[in-house]
Structure formats: C-alpha cells, structure tokens
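Here, each number is a calculation from the coordinates, and none is a lab measurement. It should be emphasised that the depicted structure is a prediction, and the values quoted were computed from it without experimental measurement. Please note: Cβ atoms are built from the backbone with ideal geometry, for glycine as well, and neighbour counts cover all protein chains shown.
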C-alpha cells in the first residue's frame, strides 16, 4: 500500500460497495414488508375470522388439529376436524387422503374456499412437522415423567 | 492475505493441502453417513424418513455457505483487485449450485411423504430456488462476457447483490408463515435435535464443508493452470511470428 492513490481508490470502491448494498438491502426490506401478506403461506384462524373474506375466496388456513375434534364419515373418505390457534377455531371438512404426519395436535395447512355457513371445505391438506427431532424412547420417558410438551403447543 | 494471493505460492501450498482434505472428507463422510443412516435412532414422529436430514441439511447449509464464500471473494476481487479472488469466486459457483439443487431435490423427496406435497411456494422453498437461479446467473455472466476483467466485475456485482438473498433464506421461516419447519440447529435456546441424531448430522455437515474446500482448491488450481497455459500459448504464437 505504498501507492496512496491506489489505496484511496480501494477505499472509494469499498465505500461504494457498502453503500450500494445498504441501499439495496433497505429497498428489498421495504418490498418484503409491503408484500408480507402474500409471502406468508397461510392465515391462522384468528386472521381468517378477522379478514371477513367474501364467500368462495381461495385461502390457506394453518394451525393445529384440535384434540378430540377428528371424525371420519362412514364412507371412510371424508374427514371432519377443527383447526385452532389457541384463540380461535375453524371447523374443516375434507375428502381425500391425509398425509402420514396428520394427527390431532399436529400442525397442518389446508387449502380451500371460505364459506359463510358451515365448515371450511378443504381441497388439500398438508402436514407441518416441527423443528424437534427425538428418538421414540426419549419421548416415552418424557411422557412418563409428564414433562413432554409438543413443541407446537408453544409456537405456531 | 497478500501472501496467498500469489498464484505460484497458492499452487505450492494447495498441492500439499488438497490430498489431506480429500482423505478427511472421505473418512468423515463415511462415518457421518453410516452413523446417521444406520446407527442413529428413529424419530418419534417420522420414523426412518427423517434420515434424509443427513444429506438435506448439509447440502442446504453448504448452498448458502458457498454463496457467502463467493460473495466475499467477489467483494475482495472488486475492491482490492486480488488476482485470486475472482478465480476463487468463480471456482465456488458450480459447487454451490450443485449443493442447492441437491437441497431442493432431497427436500422435495422428503416433502411428499411428510407434508403431502413435493413442492409449495412458501418463503423458504422459493428463496432457495431463487438462490439456484442466482448461481446460474453468476455462471452465465462468466460464459457470456469474453473479456475476463469485465466478466469478473459484472459477475462480482451479481454475486454481491444476490448475497442479500442469504438472510432472506435463513430468516424466511421466522418472518413469514411457511410449511417448512423453523431452524433446528442455529436457533436461540440451542439445537432441538436429540444428541444421538445431532452428532452424526454435525459430522456430515463437517464432511460436506471439507468437500467444498477440497473441490474449490482443485478448481482454483485448475483455473490458474489454465490461465498459465493460455499465457504460454500466446507467447509461443508471438515468438513464432517473430522468428517466421
């Protein structure tokens, strides 16, 4: 770095890169904030109710399958269950096959149309899995000691 | 930094390091995959299907690591004009692209049985797909522009602008509702993977990382030698002209 003119140019380029990236990051941040709603994959029951959407609107609804809400029709193909976020609950009906991870207490995302009367009619049911990975024995011993908590009880 | 920026010295050191990197990569990959796929216990929810994390997580992590490396090397190239920086960034791009493709592919295979779909346009999956296109764009610039110096500058700008996607990928699962799970390893409150599964996973991540180092070094060597050959060819042609 004996050549001070070269050093100055390098400094200038450094600042140019840093400022350009900062401005660009701010711009992207603004765009993403503005698009918040469309980037999010689903609404939770509270948001869905607050929206008051017109009948027939296609939306994705996400939450936990409420415990003791799961019912199967006699034909064995149509299912009824509630999706809850702790505060609000929405009844859902769905005809089709369910993913392996589907069970009560599990996070799910369903896609379908809003109804003014009757349950939400889902055309697709997807299961979420949480960030916890544990061997079966560990979960059983936690359950025996009564300290097992399904992570999704705390967050979703 | 300056010391290693000398291509001749780099070649000398790299030739000593790469065989060792390769051996350690092979050993740790074998250990990590065997431990993860055969020894580690089954997951309480997903059974053995979760074992795809031993490939999915390291490749996803490396897809971002490689891009980060590329962006930093590009910044060094554009600001300080180190001769090796642009070559390093260029060498990393295809490896990162392959990691990205592998992450998307393994995730898709895993998504079908667990979620119920191969693909969904949630923020995590979409931003990772954007990463793949950024790699393609970066590599495309090097192919499209003939003048090396100009290609290096344009490619570096692509790499730097694209780097803004990295925090979006990382935090997409926190900022928006996604089908993809939140972070399991780099999260506040420590990893949420049982140690019996976490240790083999960390070994796999280490192995993938070292694989990247090995192949990047090889590719930089290759690019340097190719440049030397081109230099020699030009000199040879000039001498022939003078003599003839």
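List of remarks:
- Each helix, a run of at least 4 DSSP H residues, gives -39500 (n - 2.57); summed and divided by the residues of chain B, these come to -27000 deg cm²/dmol at 222 nm.
- Stretchable slack from residue B:48 to residue B:243, in nm (0.36 nm times residue separation minus alpha-carbon distance): 63.1 nm
- Chain B: angle of helix B:123-144 to the longest principal axis, Cα-based, in degrees nearest 10: 10 degrees
- Rounded to the nearest 0.05, the FRET efficiency derived from the C-beta distance between residue A:13 and residue A:77 at R0 = 56 Å is 0.30.
- Rounded to 10°, Cα long-axis angle of helix B:53-80 versus longest principal axis of chain B: 30 degrees
- Separation in nanometres of the label points that stand 7 Å from Cα toward Cβ, at residue A:121 and residue B:38: 5.3 nm
- Inter-label distance for residue B:9 and residue A:58, nm, one decimal - labels placed 7 Å from Cα along Cα-to-Cβ: 6.1 nm
- The largest-to-smallest principal axis extents of the Cα set in the protein assembly as shown are 95, 49, 40 Å.
- FRET efficiency for the pair residue A:35 and residue B:144, taken as 1/(1 + (r/R0)^6) with r the Cβ-Cβ distance and R0 = 30 Å, rounds to 0.45.
- For chain B, the longest principal axis of the Cα atoms and the long axis of helix B:83-114 meet at an angle of about 20 degrees.
- Euclidean distance of C-alpha centroids, segment A:21-50 and segment B:137-196, integer Å: 19 Å
- If the chain linking residue A:87 and residue A:27 were pulled fully straight, counting 0.36 nm for each residue of separation and taking away their Cα-Cα distance, it would gain 18.1 nm.
- Value of Rg to Rh for segment A:44-110 (Rh from inverse mean 1/r over Cα pairs, i.e. Kirkwood): 0.97
- Cα gyration tensor shape for segment A:1-103, rounded if a/c is under 1.5, else prolate or oblate: prolate
- Cα gyration tensor shape of segment A:40-154, rounded if a/c is under 1.5, else prolate or oblate by comparing a/b with b/c: prolate
- The smallest convex shape that holds all Cα atoms of segment B:125-244, its convex hull, gives 123 Å³ per residue.
- Shape call, chain B: gyration tensor on alpha carbons, a/c limit 1.5: prolate
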